[in-house]
Amino acid sequence: MNIVICGVGGQGILKAGELISICAMLSDFDVKKSEVHGMAQRGGSVITFVRFSHKVYSPTVPVGEGDILLSFEMLEALRYLKYLKKEGIGISSNIRIKPAGSSYPENIERDLQKRGFVIVDCKSIKDMRFLNTYITGFISPLLPFEENMWLSSIEKVFTKSIEENKNMFLKGRRDGDSLYWRRAFNRRYRKHKRYLSGKEIDRLR
């Protein structure tokens, strides 16, 4: 499984990559993680690769080989779209962070949806410190890890606000296990003539 995580410095992209990596290790997968581009300080573009399988040889995801592209900001989703494979799943928050000295593309949310992205409404999150755990929870139904492994990973990754991070992760997990994913899976498995149920999605994982 190849996961590409991108966003803007200060959004918690590196922590999200660490959380997925540790959960994969606790689930007995071989894991490689790499921050391959960008600046982690607030405001810079950041991208992280996470790869897990029974054996992984390289930490970087080749262009066009990403199974999941998870973006914390919509413009960054367009920036790194090239990493997503044709049948891959794109997810982006609906957060907009205008780059310094540049205008923001019009109709970007519609453009991403036309490309098959699931847009996650994150504007209702009151404390953006928990954006990374919420949106990681949102994609967690697609990954082959048990819920207790996720919660154990949160305890290892975060030293503060552990219970708050767990609650936001579980909220994202509930929201992610919804019609959005059934639509996403229908785009990937076009032979199905109707929306997939949660149990059908489980069989496809």
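The values are calculated or read from the model by the stated rules, or taken from the named source; none is laboratory data. Predicted model only: the values in this text are computed from it and were never measured. All Cβ positions, even for glycine, are placed from backbone atoms using ideal geometry, and neighbour counts span all protein chains on display.
So if I check each of SER71, SER45, which one is in contact with a Gly (Cβ under 7 Å, 6 or more places away or on another chain) and modelled with pLDDT of 95 or more?
SER71
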Which listed residue is more than 14 Å from the chain's Cα centre (by Cα), modelled with pLDDT of 90 or more and over 27 Å from LEU26 (Cα atoms), from ARG96, ARG188: ARG96
Collect the residues in segment 154-179 that are hydrophobic (A, V, I, L, M, F, W, C), more than 10 Å from PHE130 (Cα to Cα), part of a helix (DSSP H, G or I) and touching a residue at least 40 places away in the same chain (Cβ under 8 Å), keeping them in residue-number order. ILE154, VAL157
Just the residues that are over 18 Å from MET25 (Cβ atoms) and out of contact with any helix residue (DSSP H, G or I) (no Cβ under 8 Å at 6 or more places or on another chain), please, taken from segment 128-171. MET128, ARG129, LEU131, THR159, LYS160, GLU163, ASN167
Of the numbered conditions (1) in contact with a Pro (Cβ under 9 Å, 6 or more places away or on another chain); (2) assigned to a loop (DSSP other than H, G, I, E, B); (3) among the basic types (Lys, Arg), LYS126 satisfies every one except a single condition; which is it? (1)
Got at least one residue in segment 2-24 being of a type in the set (D, E, K, R), modelled with pLDDT of 90 or more and farther than 18 Å from ASN132 by Cβ? no
If we take segment 1-114, then helices (runs of 4 or more DSSP H) inside it with 2 or more residues that are touching a strand residue (DSSP E or B) at 6+ places or on another chain (Cβ under 9 Å) and in contact (Cβ under 8 Å) with a residue 40 or more places away in the chain are 13-26, 74-79
Going by what's in this entry, would ASN132 be described as closer than 16 Å to ILE13 by Cβ and of a type in the set (S, T, N, Q)? yes
